[in-house]
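Written below as structure tokens is the structure these notes are about.
All of the numbers you see were taken from the coordinates with simple rules; none came from a lab. Small disclaimer: the values here were computed from a predicted structure and weren't measured. A quick note on method: Cβ atoms are made from the backbone with ideal geometry, for glycine too, and the neighbour counts reach across all protein chains shown.
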Amino acid sequence: MCRLLGVVSRRPAPMAQLVADDIAPFLALACEHSDGWGMARRTVDGTGTGTAIGIDKGVGRGDTSPWLDRLLDDSVTDAALLHLRMATPGFASVASNTHPFGDSVAAFAHNGEFTPATVLDEVIGPALLTTAGGDTDSERFHLAVRRRMDEGTEPVKAVLRAADDIRALADGFVSLNCLLLTPDALLAYTEHDPDSAVVARRGADYFRLSYRHNGDTVVVASTGVPQPGSHWTPLPERSLLEVRPGTLTTVVHGV
């Protein structure tokens, strides 16, 4: 299983500044989640307008990556996500399987597993499926979201409908927790199987996603990042958080 961290801000700033309170404990999780790291951020022009999404990722531990250190210091943005990967057995620790997936239109990172990994192939369609770089269930989750976005479905509904597809078609799933970053917003969806072996081993709160709104930033994070109760709000199961940079308009969409 993986760990997720997202941030949205009123004003562009270096990524390291936006997550200054959370980045050290998040990267400390790489001692276990050591199979790759990825970062996506909204690029901004001189007026502060979001123009596209930039993605960088590497194989190996995020906490020892000079590349990631430079990105955190040098990437000026007002919306971004970070992912630390713990590879599902059977899926190699290679760049093509490393999150986030996507391009300049959107970036997607997943924490969880569903089986079989190919259950969404008919939903995705053969043309889009040929663009897959790896073989993970997570990338197929991304492509199911992207297919609907490419057809004109707005991102919130695209994520919710892809989750519906997995729930209806998969033999089972552990977690569908994910972050989707577009030039307009950061989305965070949470859903998990409370009876999974991972929950039995890790505890009932392992897949909890929570967010913190401090006036200038909104941060969303997996467990493992310290989340004192007075400052963090847990996302309800099967809900989707939408946060827009600049205004910090924050909506929790129920299912």
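Consider V123 carefully, then state whether it is surrounded by 16 or more Cβ atoms within 10 Å (Cβ to Cβ), part of a helix (DSSP H, G or I) and in contact with an Asp or Glu (Cβ under 6 Å, 6 or more places away or on another chain).
Yes: the conditions hold for V123.
One line per residue, one yes/no per condition, for (1) touching a residue at least 24 places away in the same chain (Cβ under 8 Å); (2) of a type outside the set (S, T, Y):
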| site | (1), (2) |
| --- | --- |
| V119 | yes, yes |
| L128 | no, yes |
| T131 | no, no |
| D135 | yes, yes |
| R140 | no, yes |
| A144 | yes, yes |
| R148 | no, yes |
| E154 | no, yes |
| K157 | no, yes |
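Considering only the range 224-244, state which residues are assigned to a loop (DSSP other than H, G, I, E, B) and over 22 Å from D184 (Cβ atoms). Can you show your working first?
Step one: filter the range 224-244 for residues assigned to a loop (DSSP other than H, G, I, E, B), giving 224-232, 235-238, 244.
Scanning the range 224-244 gives G224, V225, P226, Q227, P228, G229, S230, H231, W232, P236, E237, R238.
Looking at V59, is it crowded, with 16+ Cβ neighbours inside 10 Å and among the β-branched types (V, I, T)?
yes
Can you find a residue that is under 23 Å from G54 (Cα atoms) and assigned to a helix (DSSP H, G or I) anywhere in the range 126-134? Let's see the steps before the verdict.
Step one: filter the range 126-134 for residues under 23 Å from G54 (Cα atoms), giving 128-134.
If we keep only those that are assigned to a helix (DSSP H, G or I) too, we end up with 128-129.
Yes, some residue in the range 126-134 is under 23 Å from G54 (Cα atoms) and assigned to a helix (DSSP H, G or I).
This table checks each residue for (1) closer than 20 Å to R85 by Cβ; (2) not small (G, A, S).
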{"residue": "V105", "(1), (2)": "no, yes"}
{"residue": "D121", "(1), (2)": "no, yes"}
{"residue": "A132", "(1), (2)": "yes, no"}
{"residue": "F141", "(1), (2)": "yes, yes"}
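Go over the candidates D184, D195, D205 one by one and state the one that is part of a loop (DSSP other than H, G, I, E, B), acidic (D, E) and under 17 Å from the mean Cα position of the chain (by Cα).
Within the list D184, D195, D205, the selection yields D184.
Let me spell it out: the conditions are (1) surrounded by fewer than 20 Cβ atoms within 10 Å (Cβ to Cβ); (2) in contact with a Ser or Thr (Cβ under 9 Å, 6 or more places away or on another chain); (3) part of a loop (DSSP other than H, G, I, E, B), and T153 meets all of them except one. Which number is the exception?
(2)
Across the range 130-187, what is the number of residues that are under 27 Å from T77 (Cα atoms) and touching a Gly at 6+ places or on another chain (Cβ under 6 Å)?
Of the residues in that region, 5 qualify.
Return the residue satisfying two criteria in turn: it lies in the range 208-231 and is surrounded by 17 or more Cβ atoms within 10 Å (Cβ to Cβ) and small (G, A, S), and of such residues it is farthest from the chain's Cα centre (by Cα).
G224
Kindly indicate whether any position in the range 82-99 is hydrophobic (A, V, I, L, M, F, W, C), in contact (Cβ under 8 Å) with a residue 60 or more places away in the chain and touching a strand residue (DSSP E or B) at 6+ places or on another chain (Cβ under 6 Å).
yes
Hey, D103 hits all of (1) touching a residue at least 40 places away in the same chain (Cβ under 8 Å); (2) among the charged types (D, E, K, R); (3) surrounded by 15 or more Cβ atoms within 10 Å (Cβ to Cβ) but one; which does it fall short on?
For D103, the failing item is (3).
Can you work out which of the residues in the range 22-59 that are of a type in the set (D, E) and touching a residue at least 40 places away in the same chain (Cβ under 8 Å) is farthest from N214 (Cα to Cα)?
D35
Given the condition surrounded by 17 or more Cβ atoms within 10 Å (Cβ to Cβ) and either without any contact (Cβ under 8 Å) to a residue 40 or more places away in the chain or aromatic (F, W, Y) (or both), answer yes or no: does some residue in the range 106-114 qualify?
Yes, the conditions are met somewhere in the range 106-114.
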